[in-house]
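Novice: One structure coming up, written as structure tokens, with questions to follow.
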Amino acid sequence: MKIALCSSSVPFVQGGYRNIVEWLHAKIVEHGHQVEILYIPQDDQAQTRVEQFGMYRLIDLAQSAERIICFRPFSYAIPHDHKIVWFIHHLRIFYDLWDSSLRGFPDDARHRNLRDTLRGLDTAALVEARKIYTNSRIIGERLKFYNGLDSEVLYPPIYKPENYRNLGQNDEIACVCRIEEHKRQHLLVEAMRHTRTPVRLRLSGRCADAAYGIKIRQIITENGLENRVSFENRWITDQEKFDTFANCLASAYLPMDEDSFGYPTLEAAHSCKPSLTAIDSGGVLEFVEDGRNGNVCQPDPIDLADKMDQMYMNKSKSKNMGIEAREKIGELQISWTHVLEKLLK
């Protein structure tokens, strides 16, 4: 079968959606199909959103692909008789983040009309799909609330889970992901001021905003945490990542209202390591259960410090929570076998 994987993309930005698309490409090829990835560049100008949507409607893949699988907005606008949508997220400033400080333009009649138009266009395009999957339960709930559409959760696996292993426990809480304000690494660093044990923190990932990296460095320096906090402002290699998760005490991932459980949570689980997250981290809470396979705390440095100390002082419990994290993968059917069974049926 000839299958086109269609997604919008932001040039030079490596988001998790690229992993979903490119890993799926490799797995479908292994399954014996012909697969092509179509990335269509997209910008963040609110005023051109309707025109960008129209551009996708002009794409004709009817003769070249027997099936298309669509991901980010507005790739699902591409017309096709056999369109499957693996819905990653809305353009959230026109949905659940409309009333937030992230909107970036006024809440006036002109922009409300744009919002309502885009919501209508989204719904009309998504209705055309033979099946809609989402990458988390919270995304499915938003689709139902805003667009009135039913969907099925299909959690994205990591590419080669067999590369992750457990080599024991050191004293580090590891946070391996993009370094960004909404990922809240600064809370982890601030928490280190309040810990009572020799627990350590390792931050690994590229800063999207140089100012945020400077902020983290300042917190480390001003509080004399250089010997207890390791901050690597770069994408570490795959092998370094495997080794980090294999040896760490636990993983920390506490984004603000994340769309999904996040790859760091799953990478830690494959390494039999528990995760530390926050009560407002969104989709992460679909995986992490407090006290079972990780710790869930307030997004507050003092509460974070207490949970980090608990993980350090009771390494036996941390080990058992890591084993439970690995079990949760099977419970949620997070595997490429399951994904291909759904997308290719």
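Novice: Checking Asp44 against (1) of a type outside the set (A, V, I, L, M, F, W, C); (2) part of a loop (DSSP other than H, G, I, E, B); (3) without any contact (Cβ under 8 Å) to a residue 24 or more places away in the chain: exactly one of these is not met. Which one?
Specialist: All conditions pass for Asp44, except number (3).
Novice: Among (1) part of a helix (DSSP H, G or I); (2) over 25 Å from the mean Cα position of the chain (by Cα), there is one condition Val29 misses while meeting the rest; what is its number?
Specialist: (2) is the only condition that Val29 fails.
Novice: Scan (1) polar (S, T, N, Q); (2) free of Cβ contacts under 8 Å to residues at least 40 places away in the same chain; (3) under 30 Å from Thr337 (Cα atoms); (4) part of a loop (DSSP other than H, G, I, E, B) for the single condition Ser101 breaks and write down its number.
Specialist: (3)
Novice: So, one more: Among the residues of segment 271-283 satisfying the criterion of being assigned to a loop (DSSP other than H, G, I, E, B) and of a type outside the set (D, E, K, R), which is surrounded by the fewest Cβ atoms within 10 Å (Cβ to Cβ)?
Specialist: Restricting to residues being assigned to a loop (DSSP other than H, G, I, E, B) and of a type outside the set (D, E, K, R), the top hit is Ile279.
Novice: Of all residues in segment 23-61, which are of a type in the set (D, E, K, R) and surrounded by 15 or more Cβ atoms within 10 Å (Cβ to Cβ)? It would help to see each step written out before you state the result.
Specialist: Going through segment 23-61, the residues of a type in the set (D, E, K, R) turn out to be 27, 30, 36, 43-44, 49, 51, 57, 60.
Across segment 23-61, the qualifying residues are Lys27, Arg49.
Novice: Kindly indicate whether any position in segment 173-181 is acidic (Asp, Glu), surrounded by fewer than 17 Cβ atoms within 10 Å (Cβ to Cβ) and outside the structural domain of Arg72 (by TED's automatic domain parsing).
Specialist: Yes, because at least one residue in segment 173-181 is acidic (Asp, Glu), surrounded by fewer than 17 Cβ atoms within 10 Å (Cβ to Cβ) and outside the structural domain of Arg72 (by TED's automatic domain parsing).
Novice: If I go through segment 284-306 residue by residue, how many of them are crowded, with 24+ Cβ neighbours inside 10 Å and not in a strand (DSSP E or B)?
Specialist: 5
Novice: Let me ask something else. Of the numbered conditions (1) part of a helix (DSSP H, G or I); (2) over 22 Å from Pro161 (Cα atoms); (3) of a type in the set (Phe, Trp, Tyr), Tyr17 satisfies every one except a single condition; which is it?
Specialist: Result: Tyr17 fails condition (2) only.
Novice: Regarding segment 75-85, can at least one residue be identified that is part of a helix (DSSP H, G or I), buried (at least 21 other Cβ atoms within 10 Å of the Cβ) and of a type outside the set (A, V, I, L, M)? Explain how you work it out, then say what you get.
Specialist: First, the residues of segment 75-85 that are part of a helix (DSSP H, G or I): 75-77.
Retained after the next criterion (residues that are buried (at least 21 other Cβ atoms within 10 Å of the Cβ)): 75-77.
Going one step further and asking which of them are of a type outside the set (A, V, I, L, M), we end up with 75-76.
Yes, because at least one residue in segment 75-85 is part of a helix (DSSP H, G or I), buried (at least 21 other Cβ atoms within 10 Å of the Cβ) and of a type outside the set (A, V, I, L, M).
The values are calculated or read from the model by the stated rules, or taken from the named source; none is laboratory data. From a predicted model like this one, the values you see are computed outputs, not experimental measurements. Positions of Cβ are backbone-derived with ideal geometry, glycine not excepted, and every protein chain shown enters the neighbour counts.
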